[in-house]
Structure formats: C-alpha cells, structure tokens
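All remarks here apply to the structure that follows.
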Amino acid sequence: MRSAVVVGAGVGGLAVAGALARTGWQVTLLERGDRLRGDSAALVIWPNGVRALYALGLGAGLDAIASPAPSRGVRRPNGQWLVQPDVAAGEDEDGPDSSVVVHREDLHDTLVAGLGERIDIRTGVGVRTVRLSGGDLPGVGDGRTTWEADLVVAADGVDSIVRRRLAPESTAVAAGCAAWRAVIPWYRAPKLPEGAATGGETLGHGHRFRYALLGERGSAGGSSRGGIYWAATVPGAYRPEPSAAQLALLRRWFADWHGPIGDILAATEPDDLIQHPVAELRPIPRTFAFPSGPGGFVLLGDAAHAMSHHLGQGACLALEDAATLRSLVHEAIPGRSLVSALEEYTATRRPRVARIVRQSRRVGAVYAANGNLVVRARNAALGLTPRLLGRAGAVARQWRPPS
Ligand SMILES: Cc1cc2nc3c(=O)[nH]c(=O)nc-3n(C[C@H](O)[C@H](O)[C@H](O)COP(=O)(O)OP(=O)(O)OC[C@H]3O[C@@H](n4cnc5c(N)ncnc54)[C@H](O)[C@@H]3O)c2cc1C
C-alpha cells in the first residue's frame, strides 16, 4: 500500500491527509499541538476554495457550516462608499459569487470528520529532523522517532521546519502590519443597524476593518458557532501587550469609524481576540517537490507559499494544493510515476501561487496607503476604477480543480 506522512494538521494538512486516505493511501498525520483544533476566528472561503472542498468530497460538510460571505463593497471610515457593493459583486465573469464565511473550528471539524477511521494521528509530535537522501524513502523525525513513507507532505505552516531544511533560500519575512481577528458570539453581539448586515470592508490611513455575520442571531444559522466575525489590520509590527491593552488600542484606533465598528469593538472581550503575526515567504521556493528514493517531499499551504492576508486566500490556496496533489498522485505508484506526479505538482501550483502572491502584495500596497495625499490619491483611483481591488482577486477566485 502507498504510504504518506503529513506534517501539520492545519487546514492544508487535514485536507490532504483525508484526501489521500480516502484514495487508498496509508496516512500518518503528525501535529505538534496536543490535539487537533482550529482557532476561534473565521475564514472567507472564496469560490476557488469552495470548488476545492467539493473536489475533495467535502462539499456537503461545507454547506452545513457556511454562511453567505459579506458584501464586497468598500467604505471610507465615515461610512461613505468608495466602491458600491453591487459594482464589486459584478467582478466575477464566471457566474454568481459562491463565497462563504465559516467559523474556523467548524471547518476544522469538517476536515477532521473527513479523515475517516484509518489515519494514524499522532499529536504532541513536533517534527525537528528531515531526511532527504538519494535512494532512501523520505523521512521526518522528532528526535526520538523517525517516520518514513513514499510521500511526505510538509503542511507545517509559515515557519515550516521541513521547508527550512529543503528550501533554505526562502525566509518568512514580516509583512509590515499587525492583524487581529475575533468572533463575538450572538448572545453578546451588538444590535446591528439597518443595512449593516451586509458587512464588508472599510479602509482608512493604513488601517482596515471588515466584518461578517456567521449564521443569524437567535438561530444556529449556517454555523454552529455563530456570531459577528471581524478582522482588523494596522500598519506596524506584532504587538506584544496583553490582550486587554491590545483591545484598548484597537478601540482607540477605530474610535471614529462608522457604525457598527465601535459597537463591535466594545462588545469584544480580550479573550475573543487573536493576534496574528503577518508574514510572507520571500522568495517562494523554486520548487515545491523534492524527490527522494521512489517518492519524495512536497510543500503545501503556507509552508510553500505563505503570503500576507490582503486577498484572504491562504487557506483557499492550501485547499487547492490538497485537491491538486490528490488528483496528481491518485494513480501514481512509488517510483518514476510518483516522482513525475510530484514534479507535475510544482509545475501546476507554483506559477499560480506566485501570481497570487504578487497580486496580494499589490493589494496590500493599496490598503497600506497612508498620509492625506496618498490616501486621497488611492481613494480617487478606487472611485475611478471601482473594480481595481476586485479584479486583483479575480485570478484567484477563478480556479477550477483538475479533472
Ligand atoms: C488576519 C488573517 C486573515 C485571514 N483570512 C483568510 C481568509 O479569509 N481566507 C483564507 O483562505 N485565508 C485567510 N488567511 C490565511 C490562512 O489563515 C492561512 O493561509 C491558512 O490557515 C494556512 O493553513 P496551513 O494549513 O497551510 O498552515 P497552518 O494553519 O499554519 O497549519 C500548520 C499546522 O502545522 C503544525 N506544525 C507546525 N510546525 C510543526 C512541526 N514542526 N511539527 C508538527 N506540526 C507542526 C501547526 O501546529 C499547525 O497545526 C488569513 C490569515 C490572516 C493572518
């Protein structure tokens, strides 16, 4: 039987581990955390991510946890529209927008349910060693045990130990901004004014706030963990203060912004807050596949192509990676056939993600505009070409799974 070791049980690792197991691979999943769990924020799953989940056989699971994505309109801090939602919504040339928003823990549960019964799951295992040598099976170890398999998938995130060993030329670099996310459960969420239910994005001087609704107040809605999800980005570095002090700063930074942003921040509790170090890989590795013996290693998700969150595509691309790898190795057997499939994985994935990394940087530069003159020029440009931001994301959204 073909064997695989997957390092990391984030969105990418869980998706690929389940996909390989369902197509007859014997899979071992190694996770350094003491259990498999998602964090308590949310994610927008864009149409490419939705298609990837369907291609992975997880469409029904997604439908059970999904809420409609927020409007794609963009506002100024005073609430005035920079890009009207109906203009932004007309960006996709390939049919209606099927983006959804999901609670990360719900998505995690869906992916864990998709692992099935046969996977060997080892939690509390932090991979520290990587064995790549000409004729041997690829292997990874934690200093006490070594796991080897025909295929080792490195899905261990932006600071991937496996990537550091295989592609040392790529380094995780701070993206120059700090980001926070939270979900306020419905029972203590503020009442939203008429029209606010569309959620959406607001841009200020380098600051950015967006929110979305998970399910509906008073019902489980699409999500079993409903509430108001919000994400804020500000220029600068990761903030080291305790959560209560970070929340006080966020309330001050966004104090004059249009409703219901102030109410949302007032209803947020320090324990709701998750701060993320925002980093991207520079450069992205030259290859995502490293042959070893009759198989080899592949990099997947943030381990291969971590990018800043400006397009909000990281998890969707990890799901695309998983769907692509599953399709390429479906019929491959260890030896030349598997090695070629892994090379094909790089050929298919790398040009696409490299393009999206570039788009994400461009959009990040638009969002980061700071200072009166620059912000005025940015807002004027968005007024004249309201589809500018949406087009940047269209390349990502239009992906189709391999047949
Ligand atoms: C503010 C913000 C908003 C975002 N919004 C969106 C969005 O709306 N939509 C979207 O698609 N993406 C979004 N993203 C991006 C998305 O969160 C990431 O790209 C995605 O979670 C990456 O998944 P992953 O599985 O590749 O890595 P990770 O989620 O980082 O998972 C890596 C796993 O590997 C484990 N691990 C690490 N090292 C080891 C080791 N040595 N041994 C064993 N296990 C190890 C970790 O514990 C973890 O479980 C956002 C990101 C940020 C910062």
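No lab work stands behind these numbers, since they all come straight from the coordinates. Since this is a predicted model, take the numbers as computed values, not measurements. Positions of Cβ are backbone-derived with ideal geometry, glycine not excepted, and every protein chain shown enters the neighbour counts.
Points to keep in mind about this one:
- Candidate set: region 232-253, residues that are within 26 Å of GLY38 (Cβ to Cβ) and in contact (Cβ under 8 Å) with a residue 60 or more places away in the chain; chosen: the one surrounded by the fewest Cβ atoms within 10 Å (Cβ to Cβ): ALA237
- Test for VAL374: is it crowded, with 24+ Cβ neighbours inside 10 Å, farther than 19 Å from LEU166 by Cα and more than 15 Å from the ligand (Cβ to nearest atom): no
- Applying the condition of being near the ligand (Cβ under 10 Å from one of its atoms) and in a loop (DSSP other than H, G, I, E, B) to region 142-161 and asking which residue is surrounded by the most Cβ atoms within 10 Å (Cβ to Cβ) yields ALA155.
- Looking at ARG188, ARG164, just one residue is more than 16 Å from the ligand (Cβ to nearest atom) and either hydrophobic (A, V, I, L, M, F, W, C) or surrounded by fewer than 18 Cβ atoms within 10 Å (Cβ to Cβ) (or both), and that residue is ARG188.
- Hits in region 1-53 - residues which are in contact with a Leu (Cβ under 7 Å, 6 or more places away or on another chain), more than 9 Å from the ligand (Cβ to nearest atom) and not in a helix (DSSP H, G or I): ALA4, VAL5, VAL6, VAL27
- Taking the numbered list (1) under 26 Å from ALA244 (Cβ atoms); (2) among the small types (Gly, Ala, Ser); (3) more than 10 Å from the ligand (Cβ to nearest atom); (4) buried (at least 22 other Cβ atoms within 10 Å of the Cβ) in turn, ALA175 passes all entries but (3).
- Failed condition for VAL100, given (1) buried (at least 18 other Cβ atoms within 10 Å of the Cβ); (2) under 27 Å from HIS330 (Cα atoms); (3) hydrophobic (A, V, I, L, M, F, W, C): (2)
- Where a residue in region 360-380 is over 13 Å from GLY393 (Cα atoms) and its partner, wherever it lies, is part of a loop (DSSP other than H, G, I, E, B), with Cβ under 6 Å and at least six apart: ALA368/GLY206; ASN370/HIS205; ASN370/GLY206; VAL375/HIS205; VAL375/ALA369; ARG378/ALA369
- Any hit, region 74-90, residues being under 28 Å from PHE254 (Cβ atoms), within 16 Å of the ligand (Cβ to nearest atom) and in a loop (DSSP other than H, G, I, E, B): no
- Scan region 1-21 for residues that are farther than 24 Å from HIS103 by Cβ and out of contact with any Asp or Glu (no Cβ under 6 Å at 6 or more places or on another chain) and the total you get is 5.
- Flag if ALA248 is more than 29 Å from GLY8 (Cβ to Cβ) and small (Gly, Ala, Ser): yes
- Residue check, ALA392 farther than 30 Å from HIS103 by Cβ, outside any loop (DSSP other than H, G, I, E, B) and of a type outside the set (Asp, Glu): no
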